[in-house]
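**Q** First the structure, then my questions, so here it is.
The values are calculated or read from the model by the stated rules, or taken from the named source; none is laboratory data. Nothing here was measured: the structure is a model prediction, and the numbers come from that model. Ideal geometry is used to build each Cβ from the backbone, glycine not excepted, and the neighbour counts take in all protein chains shown. In case anyone asks, the SASA skips ligands and DNA or RNA and just uses the protein heavy atoms, side chains included. Shrake-Rupley method; radii C 1.70, N 1.55, O 1.52, S 1.80 Å.
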Amino acid sequence: MIELRQVWKVFLNGRREVVALRGVSLSVRRGETVAVVGPSGSGKSTLLNLIGGLDRPSRGRILLEGRNLAELDDDELALVRREKIGFVFQFFHLLPTLTCVENVALPLHLRGWSRRSAEARARELLALVGLGERLDHLPEELSGGERQRVAIARALAANPPVLLADEPTGNLDTRTGAEILTLLADLHTRLGTTMLIVTHDAQVARACARVVTLRDGQIVGDSSIQGP
Amino acid sequence: MLLARLSWAYLKKHRLRWALTIAGVALGVAVLVAMRLANQAVLSSFQRTVQGIAGRTQLQVHAGDLGFPEEVLERVQALPEVAAAAPVIEAALDTGLPGQGYLLVVGVDMTGDRSIRDYEFDSGEEAILDDPLVFLAQPDSIIVTREFAERNGLGVGSRIPLGTAQGTRWFTVRGIMRPGGLSQAFGGNLAVMDVYALQYVLGRGRRFDRIDVALREGISLEQGERALRQALGPGFEIEPPSARGRHFEAILRSFSLTLNITSLFAVLVGMFLIYNSFSVAVTQRRAEIGILRALGADRSTIRRLFLSEAAVAGLVGALAGAAAGWLMAQWVASYVGRLMQEAYGVVQNVEGAPADWRLLVGGAGVGVLASVVAAWIPARAAARVDPVLALQKGRHQVLSAGEYRVRRWLAGVAAGGAALLLTAGRSPAWFYAGYVLIVLAALWLTPALARGLARGLRPLLAWLRPVEGGLAVDSLLQAPRRTSATVAALMLSLAMVVGFGGVARSIYDSLVEWVETTLNPDLFVTPNAEIANRTYVVPAELGAEVERVPGVRQVQLVRSARVPYQGVPVLLVAADVAKLARTVRRRPIEGDPEDMHRRTAAGEATIVSESFARLRGLRVGDVVELPAPKGLLRLPIAGIVRDYSDQQGTLLIDRALYRTWWDDDTVNVIRVYLAPGASAAEVKRAILEQCGRGRRLFVLANEEVRRYIFRLADQWFGMTYNQIAVAILVAVLGVVNTLTVSITDRRRELGLLLAVGGLRPQVRRTIWMEALAIGLIGLLLGLALGAVNLYYSLEMTRRDLAGLSLDYVFPASLAAWLIPVILGAAFLAALGPAAAAVRGSPAEALEYE
């Protein structure tokens, strides 16, 4: 499903080169849930951005369902994001001027769905994440947990095969974080989506079948956790 | 649809900015539409007058404003191709009736004019045309239109005053014309009288202005024209009546060009505001763009989103602008009409500007197009937003060392290219390409220059307020993209201000020099109330009478009038050149001052104005072929001088030569130099007493003529001053706009400053100082680019606009005035954002997303 081969990412900070990833190789099977853990600056978010086609590697290959993302141009990457990837961010990144339904319908709208069918699908998804009563609320009228549920619904709107989450519980209190985690696990069970979750949170990592540990841009651990 | 919701939500949140942006487009379209409609109204008013008077005229014979002797009529009438030929004199005379202004008096030969024109009278008055002796026997007879008669309560037998060469005379209304045809000319302010009586009224002697010709059946226009040309020689223009519109347009050329530049400037201002607003919008909506990109929106979707917004803003602004432009045109048309009268001596009765749907729709189309074009660069920038950076606050404001290097390199190449084009390029396209390159070089270099100047300002600001000054400079240095956007906006606006102001200053200085060296007589004696008007003339003998007045040392006789030169009217000035050479001390642009005056005084050459030479690519030694009633007068150019009497150019010849070729001994200005110690007021009184009896005569002191010329110049520059004011306004708006964004962008950073112990007054002062620093940097760069822009503007004036080579004079007083204005504006612009920055709690600011 996802395969990284000797991926390097180097940033220029002024005249100084900062190496964010050093020859990372990783394989993720369809339907797997993988937690990416590691200290700040270890390259977790960079890895997620590369897999999600938000950025390009400096070297190496990133294969998503057999296509090398490193070779795609900007608009082709946009198409990959549209068709294959759902993103969940730490800070939700909902559009504050759109209602919950509209936020969720947005990716479908970008795919050319009619407004009516996009909103019908958005309502279904919002019901699925437990926000069937909050359809026409603006993000500012929701709690942090509710906002993240909307973001998850949006990420899943077009039924993407891959869901990438960057610290999905990082901006939530423990109880709400646990609820979001349960929701993600539930959705994974129901939809079979491949999930990569960047996290600092051991509880989140434990909820995933596999944990990849990054340090200084390299994978220093890759372990599978047996389910209960 | 959902994307439109995003646009609408942003618009609602920033109503004021959008209102300003739409107002910018509306302003551009309004000025464009108003100027075009007004210009069109003036031209069509002239055309209506021409058509109304022309009647069945197929060809007109004329020789410019100077007219020609009566004998020409017989030569025309003798041609077998000609069915009817009627002499005409036209003059706009002051009626002296309250609120009626000028009356266009058409002098015709009542015995034969009905073969050319139809006169329909109110009942019972036809007899006056059947018996033309009424007019011959009673030269005070006049026919007016019913409209004019009703407006002034006139009937047959009523008497009206008219200014004549012999002073004010009373004329008796002998007939009233029904509306239609001739009556519609000059907005109905028209009168007809006997052409020979009008000769006397105007003091023009036995001359006609033109001959209207109807050809025999079966004779084509070409055949008629050929026959007339053969019979009359090269000194006459033979054209259909419609050609007079072209002459009028030629006189208006410079003015129309100014109107077009004003329109273009207004559209550019609108575009600048759109560009500025969309650049700001892209900065503010980076996160939104980032989210859309992360969700799979491709670049074209983002670009379309912004361009659609621009199109909608453009459409709203353009529709409002088209409506406002139509309203403005009513006022502009009468302003243009007045200016025509005062500056060109062409009296026009312009009655409003009717709506022209094609022009209104076209203007609106230009508004939408300009809006979309202006938003193109910000839309492109939005489409290129890196989704990863967009979702990280502040990162986009940083410029990498590589980016600085590339920009410096591009700027160097552009500046080098501009220098090369300026020195090696000869065609206008190269010159303008060089101009564009210079502006691009300045824009590419702005971040580096702004950074350098900010560093240079650090000691000064730190000396003023050690903490706040340092923080202000740091903020500028840490966000070069944001800083340079504001600075660039300010720089471009100020460069425009300096360019416009500098050209106005240079023209003004040249005008002063011209007035001082050329218009230096103590008094001007003229039969016309305004020096630019040449309706009335006086006989040359008046010069001798004036010279005999005690206190007068010398008089110089001048006859000036527009004559056709290669189909364009230019000003011919016939004067006593030998005398002129002793009193006028102007430096020639080309030619030897002694030689040019000597040869011109001898009737062997002509001295031409710079505009005449440049607009036609002529040099000293080239031969000018001037059509005169006696043939084609060929004169070599002996000198080229600065002269602002006419925008299409001036030719100076000696009066003796003029008398020979034009058979005319009249004058319209007598230049009077006083004896030492003589009082101008006393001599003026004496001239009026001794020479003014039974004559229309005005004696203008040098100061009055100067005032008149500078008043005209001020009217002319009125639009330039408006442009300067708008450019300053745009500069101020640019500062307010970008500074507001800058503060919004930095709420988190400012919250942090408060959180670590910064006091609210300190934060406020930091923002104020930052604004002042931006203002100062923009001012320095704007004045520097303005100095370059002024050079290009003067070159444009020389090459393509007026043919004037103007001295480079940097508008230092304007620049000095701009310093407090811009710094004040920057400070005022910072007040609101600074207050907003410290209003909330630091915690709230730190959480700001």
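**Q** Quick one: would you say residue A:123 is open to solvent by 10 Å² or more (accessible area, probe 1.4 Å), of a type in the set (D, E, K, R), at pLDDT 90 or above and part of a strand (DSSP E or B)?
**A** On the way: open to solvent by 10 Å² or more (accessible area, probe 1.4 Å): yes; of a type in the set (D, E, K, R): yes; at pLDDT 90 or above: yes; part of a strand (DSSP E or B): no.
No.
**Q** Among the residues of segment B:549-578, write down those that are open to solvent by 30 Å² or more (accessible area, probe 1.4 Å) and either more than 17 Å from residue B:667 (Cβ to Cβ) or at pLDDT below 90 (or both).
**A** Listed by number, the residues that qualify are B:550, B:553, B:566, B:567, B:568.
**Q** Testing residue A:152 on (1) within 20 Å of residue A:196 (Cα to Cα); (2) more than 10 Å from every other protein chain (Cβ to nearest Cβ); (3) open to solvent by 10 Å² or more (accessible area, probe 1.4 Å), one condition comes back false. Which one is that?
**A** In the conditions (1) within 20 Å of residue A:196 (Cα to Cα); (2) more than 10 Å from every other protein chain (Cβ to nearest Cβ); (3) open to solvent by 10 Å² or more (accessible area, probe 1.4 Å), residue A:152 misses (3) alone.
**Q** Right, another one. Considering each of B:394, B:425, B:434, B:470 in turn, give the residue that is modelled with pLDDT under 80, open to solvent by less than 20 Å² (accessible area, probe 1.4 Å) and not hydroxyl-bearing (Ser, Thr, Tyr).
**A** B:425
**Q** Could you say whether any residue in segment B:2-12 is within 14 Å of chain A (Cβ to nearest Cβ), open to solvent by 50 Å² or more (accessible area, probe 1.4 Å), closer than 30 Å to residue B:317 by Cβ and basic (Lys, Arg)?
**A** The answer is yes; a qualifying residue exists.
**Q** For segment B:273-308, name all the residues that are within 14 Å of another protein chain (Cβ to nearest Cβ) and open to solvent by 10 Å² or more (accessible area, probe 1.4 Å).
**A** Filtering segment B:273-308 down to residues within 14 Å of another protein chain (Cβ to nearest Cβ) leaves B:281, B:284-305.
Within segment B:273-308, B:284, B:286, B:287, B:288, B:295, B:298, B:299, B:300, B:301, B:303, B:304, B:305 meet the criteria.
**Q** Sort out which residues of segment B:652-687 are of a type in the set (Ser, Thr, Tyr) and under 36 Å from the mean Cα position of the chain (by Cα), and write them in order of number.
**A** So the first thing to find is which residues in segment B:652-687 are of a type in the set (Ser, Thr, Tyr), and the list is B:658, B:660, B:666, B:673, B:679.
Selection gives B:658, B:666, B:673.
**Q** Give the residues of segment A:163-176 that are in contact (Cβ under 8 Å) with a residue 40 or more places away in the chain and under 17 Å from residue A:207 (Cα atoms), sorted by residue number.
**A** First, the residues of segment A:163-176 that are in contact (Cβ under 8 Å) with a residue 40 or more places away in the chain: A:163-168, A:170-171.
A:163, A:164, A:165, A:166, A:167, A:168, A:170, listed by residue number.
**Q** Collect the residues in segment B:141-163 that are in a strand (DSSP E or B) and open to solvent by 30 Å² or more (accessible area, probe 1.4 Å), keeping them in residue-number order.
**A** B:159
**Q** Please identify the pairs in which a residue from segment B:759-788 that is in the same structural domain as residue B:456 (by TED's automatic domain parsing) has its Cβ atom under 7 Å from the Cβ atom of a residue that is of a type outside the set (A, V, I, L, M) and open to solvent by 50 Å² or more (accessible area, probe 1.4 Å), counting only partners at least 6 apart or on another chain.
**A** Note: pairs meeting the criteria are B:765/B:465; B:768/B:827; B:769/B:465; B:771/B:827; B:772/B:827; B:787/B:810.
**Q** Residue A:145 is checked against (1) away from every other protein chain (no Cβ under 14 Å); (2) open to solvent by less than 10 Å² (accessible area, probe 1.4 Å); (3) not in a helix (DSSP H, G or I) and fails just one. What number does that condition carry?
**A** Of everything listed in (1) away from every other protein chain (no Cβ under 14 Å); (2) open to solvent by less than 10 Å² (accessible area, probe 1.4 Å); (3) not in a helix (DSSP H, G or I), residue A:145 misses just condition (3).
**Q** Has segment B:442-453 got at least one residue that is at negative phi and under 31 Å from the mean Cα position of the chain (by Cα)?
**A** As a first pass, look at segment B:442-453 and keep what is at negative phi: B:442-453.
Pick out the ones that are also under 31 Å from the mean Cα position of the chain (by Cα) and you get B:442-443.
Checked against the condition, which is being at negative phi and under 31 Å from the mean Cα position of the chain (by Cα), segment B:442-453 yields at least one hit.
**Q** Restricting the first residue to segment B:828-849 and requiring it to be closer than 24 Å to residue A:97 by Cα and part of a loop (DSSP other than H, G, I, E, B), which pairs with a second residue that is at pLDDT 60 or above and open to solvent by 30 Å² or more (accessible area, probe 1.4 Å) meet a Cβ separation below 7 Å and a spacing of at least six or different chains?
**A** B:848/B:747; B:848/B:748; B:849/A:91
**Q** Within segment A:80-115, restricting attention to residues that are assigned to a helix (DSSP H, G or I) and more than 7 Å from chain B (Cβ to nearest Cβ), which residue is most open to solvent (accessible area, probe 1.4 Å)? Steps first, please.
**A** First, the residues of segment A:80-115 that are assigned to a helix (DSSP H, G or I): A:80-84, A:100-110, A:115.
Next, only the ones that are more than 7 Å from chain B (Cβ to nearest Cβ) stay: A:80, A:83-84, A:100-101, A:103-104, A:108.
Details: A:80: 9, A:83: 94, A:84: 67, A:100: 2, A:101: 5, A:103: 0, A:104: 0, A:108: 0 Å².
Filtering first and then ranking leaves A:83.
**Q** Mind checking which residues of segment B:449-493 are part of a helix (DSSP H, G or I) and charged (D, E, K, R)?
**A** If the condition is that a residue be part of a helix (DSSP H, G or I) and charged (D, E, K, R), then B:451, B:455, B:458, B:468, B:474, B:481, B:482 are the ones that fit.
**Q** Filter segment B:149-180 down to residues that are free of Cβ contacts under 8 Å to residues at least 40 places away in the same chain and among the β-branched types (Val, Ile, Thr) and give me whichever is nearest to residue B:192 (Cα to Cα).
**A** First, pick out the residues of segment B:149-180 that are free of Cβ contacts under 8 Å to residues at least 40 places away in the same chain: B:149-150, B:153-159, B:169-173, B:179.
Cutting the leftovers down to among the β-branched types (Val, Ile, Thr) gives us B:156, B:172-173.
Details: B:156: 14, B:172: 12, B:173: 10 Å.
Looking at the filtered set, the residue picked out is B:173.
**Q** Kindly indicate which of A:163, A:181 is under 21 Å from residue A:30 (Cα atoms), in contact with a strand residue (DSSP E or B) (Cβ under 8 Å, 6 or more places away or on another chain) and not basic (Lys, Arg). Give the steps one after another, and end with the answer.
**A** Values: A:181 fails: in contact with a strand residue (DSSP E or B) (Cβ under 8 Å, 6 or more places away or on another chain).
Checking each option against the conditions leaves just A:163.
**Q** Go through segment A:199-217 and count every residue that is surrounded by 20 or more Cβ atoms within 10 Å (Cβ to Cβ) and part of a strand (DSSP E or B).
**A** 3
**Q** Out of the residues in segment A:131-157 meeting the condition of being of a type outside the set (A, V, I, L, M) and under 20 Å from the mean Cα position of the chain (by Cα), tell me which one is nearest to residue A:177 (Cα to Cα). Full working, then the answer.
**A** Our first condition is that a residue be of a type outside the set (A, V, I, L, M); within segment A:131-157, this holds for A:132-134, A:136-137, A:139-141, A:143-149, A:154.
Keeping just the survivors that are under 20 Å from the mean Cα position of the chain (by Cα) gives A:139, A:144-149, A:154.
On the way: A:139: 18, A:144: 10, A:145: 7, A:146: 11, A:147: 12, A:148: 9, A:149: 11, A:154: 18 Å.
Per the stated criteria, the residue is A:145.
**Q** Next up: Of (1) away from chain B (no Cβ under 14 Å); (2) modelled with pLDDT of 90 or more, residue A:66 satisfies all except one. Which?
**A** (2)
**Q** Any idea which residue in segment B:583-602 is nearest to residue B:638 (Cα to Cα), counting only those that are among the hydrophobic types (A, V, I, L, M, F, W, C) and touching a Gly at 6+ places or on another chain (Cβ under 9 Å)? Before the answer, list the steps.
**A** Taking segment B:583-602 first, the residues among the hydrophobic types (A, V, I, L, M, F, W, C) are B:584, B:589, B:596, B:601-602.
Still in the list and also touching a Gly at 6+ places or on another chain (Cβ under 9 Å): B:589, B:596.
Values: B:589: 11, B:596: 5 Å.
Here the residue is B:596.
**Q** How many residues are assigned to a strand (DSSP E or B), within 14 Å of another protein chain (Cβ to nearest Cβ) and loosely packed, with under 14 Cβ neighbours inside 10 Å when one looks only at segment A:12-56?
**A** Number satisfying all stated conditions: 5.
**Q** Report yes if residue B:649 is open to solvent by 20 Å² or more (accessible area, probe 1.4 Å), under 33 Å from the mean Cα position of the chain (by Cα) and at pLDDT below 90, otherwise no.
**A** Working: open to solvent by 20 Å² or more (accessible area, probe 1.4 Å): no; under 33 Å from the mean Cα position of the chain (by Cα): yes; at pLDDT below 90: yes.
Answer is no for this residue.
**Q** Which of the strands (runs of 3 or more DSSP E) found entirely inside segment B:164-274 contain at least 1 residues meeting this: within 28 Å of residue B:148 (Cα to Cα) and at pLDDT below 85?
**A** On the way: elements: B:167-177, B:190-194, B:210-215, B:237-239.
It comes to B:167-177, B:190-194.
**Q** Then there is this: Among all residue pairs at least 6 apart or on different chains, which show Cβ distances below 8 Å where the first residue, located in segment B:471-489, is closer than 17 Å to residue B:825 by Cβ and the second is aromatic (Phe, Trp, Tyr) and open to solvent by 10 Å² or more (accessible area, probe 1.4 Å)?
**A** Here the result reads B:489/B:272, each pair linking segment B:471-489 to a residue that is aromatic (Phe, Trp, Tyr) and open to solvent by 10 Å² or more (accessible area, probe 1.4 Å).
**Q** Something else: Any idea which residue in segment A:170-182 is surrounded by the fewest Cβ atoms within 10 Å (Cβ to Cβ), counting only those that are under 15 Å from the mean Cα position of the chain (by Cα) and modelled with pLDDT of 85 or more?
**A** Per the stated criteria, the residue is A:181.
**Q** Being at pLDDT 85 or above, touching a helix residue (DSSP H, G or I) at 6+ places or on another chain (Cβ under 9 Å) and surrounded by fewer than 20 Cβ atoms within 10 Å (Cβ to Cβ) is the requirement here; does residue B:352 meet it? Show your work before the answer.
**A** Details: at pLDDT 85 or above: no; touching a helix residue (DSSP H, G or I) at 6+ places or on another chain (Cβ under 9 Å): yes; surrounded by fewer than 20 Cβ atoms within 10 Å (Cβ to Cβ): yes.
When the stated conditions are applied, residue B:352 does not pass them.
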